[in-house]
1. Which of the residues spanning the stretch 1-34 are charged (D, E, K, R) and closer than 18 Å to R65 by Cα?
2. With (1) among the hydroxyl-bearing types (S, T, Y); (2) modelled with pLDDT of 95 or more; (3) assigned to a helix (DSSP H, G or I) as the list, and S80 as the residue in question, which single condition is left unmet?
3. What's the total number of residues in the stretch 1-43 that are under 18 Å from V301 (Cβ atoms), modelled with pLDDT of 95 or more and of a type in the set (G, A, S)?
4. Taking the options Y24, Y47, name whichever one is in a loop (DSSP other than H, G, I, E, B), assigned by TED's automatic domain parsing to the domain that holds R306 and either among the aliphatic types (A, V, I, L, M) or surrounded by 15 or more Cβ atoms within 10 Å (Cβ to Cβ) (or both).
5. Is there a residue in the stretch 141-155 that is within 17 Å of S100 (Cα to Cα) and among the charged types (D, E, K, R)?
6. Kindly evaluate V153 against the criterion of being within 22 Å of the chain's Cα centre (by Cα) and in a strand (DSSP E or B).
7. Can you list the helices (runs of 4 or more DSSP H) found entirely within the stretch 180-243 that contain at least 2 residues being in contact (Cβ under 8 Å) with a residue 60 or more places away in the chain?
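The values are calculated or read from the model by the stated rules, or taken from the named source; none is laboratory data. Fair warning: this is a prediction, and the values are worked out from it, not measured in the lab. So basically every Cβ, Gly included, is an ideal-geometry build from the backbone, and we count neighbours across all protein chains shown.
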Amino acid sequence: MTTGDAWLPLPIDQLGPLPTSLSYHFWDGDGEFPADPADCVFYGVPYMRPPSVVTAPLPTMGRVRVVQTLTAGYDHMLPSLPFLDAGAVLCNAGDLHNTSTAELALTLTLSALRGVPEAVRNQLDGRWAGRVLPSLADRSVLILGYGGIGAAVEERLLPFEPRGIVRVAGSARQAARGPVHAAADLPRLLPDAEVVIVCVPLNDTTRGLVDSAFLSRMGRGALLVNVARGAVVDTDALLTETLSGRLLAALDVTDPEPLPADHPLWRSPGVLITPHVGGASSAFLPRAVRMLHGQLSRFAVGEPLRSVVATGG
């Protein structure tokens, strides 16, 4: 059995019976470290805390074997990998956020197409202003980033009868619901996409992927939905397109983030913004508990861990 300290970002009493070979300490990023970082072998990264906070103990965690995030994205942890021993692994949250993020992607898509933001403003003014609006039905949707979240988005789109769904990932492959195109095909695919939903992880390949050239290939009136990371999209390029009225955007993430109160993106026409809440729903806690419990149980007995995304050293 594996021994040592496990730092967990959720109260220990919420996790149920845990492997007895490990000693558990609760730390959610607030206050002093709960124990000596040098004794930690399993580090559960605090959720929704700044990178400077959650990476602070890693340089002195010489024994750590597992760094486990509660987020699907892990770009904020990559600069700390050199601090980890070559045998250590970084795991992301795997399927934890698929359902919640896909729900929000669908919510943003429907709200933006059906004019909900304008309706809310009209309600505040007591103004009745009916008009014909786009429907998700019979629209062509492109999902950029066809991993767990992208597949969950597709499952929720299908009942709304889109004209077609185009799947795009880093490389071409065959998925259960049809072909997945390579990102290199985007110049050919974008002109026909009336809705583009971005679900890619942030890395060197995807940073700034949705730039002026990408956006210019989308047709007039098309909708960009971003539930990935803000830095995947070139904010200045998006502003140019939305201020002109050529494109619509629905964003759960922005660059910069948090978005300053005086940033023009807040007031750009046709832009709907939510404050990075894709994974922050009532579904989070019970699924996070199950995920942590499973990883700790596997770690304690030396079984392979799930959702390993990088290694240390």
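1. Taking the stretch 1-34 and keeping what is charged (D, E, K, R), we get 5, 13, 28, 30, 32.
Once the filter is applied, which keeps residues that are charged (D, E, K, R) and closer than 18 Å to R65 by Cα, the stretch 1-34 yields only D5.
2. Unmet condition: (2).
3. Final tally of qualifying residues: 4.
4. Working: Y24 fails: in a loop (DSSP other than H, G, I, E, B).
Going through Y24, Y47 in turn, just one is in a loop (DSSP other than H, G, I, E, B), assigned by TED's automatic domain parsing to the domain that holds R306 and either among the aliphatic types (A, V, I, L, M) or surrounded by 15 or more Cβ atoms within 10 Å (Cβ to Cβ) (or both): Y47.
5. Residues of the stretch 141-155 within 17 Å of S100 (Cα to Cα): 143, 145-155.
If we keep only those that are among the charged types (D, E, K, R) too, we end up with 154-155.
Scanning the stretch 141-155 turns up at least one residue that is within 17 Å of S100 (Cα to Cα) and among the charged types (D, E, K, R).
6. Numbers: within 22 Å of the chain's Cα centre (by Cα): yes; in a strand (DSSP E or B): no.
In short, no.
7. On the way: elements: 186-189, 212-217, 235-243.
Answer list for the stretch 180-243: none.
A quick yes/no check of all residues on (1) farther than 30 Å from D36 by Cβ; (2) β-branched (V, I, T); (3) under 23 Å from the mean Cα position of the chain (by Cα):
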| position | (1), (2), (3) |
| --- | --- |
| V67 | no, yes, yes |
| G73 | no, no, yes |
| N98 | yes, no, yes |
| L110 | yes, no, yes |
| A119 | yes, no, no |
| W128 | yes, no, no |
| R131 | yes, no, no |
| S135 | yes, no, no |
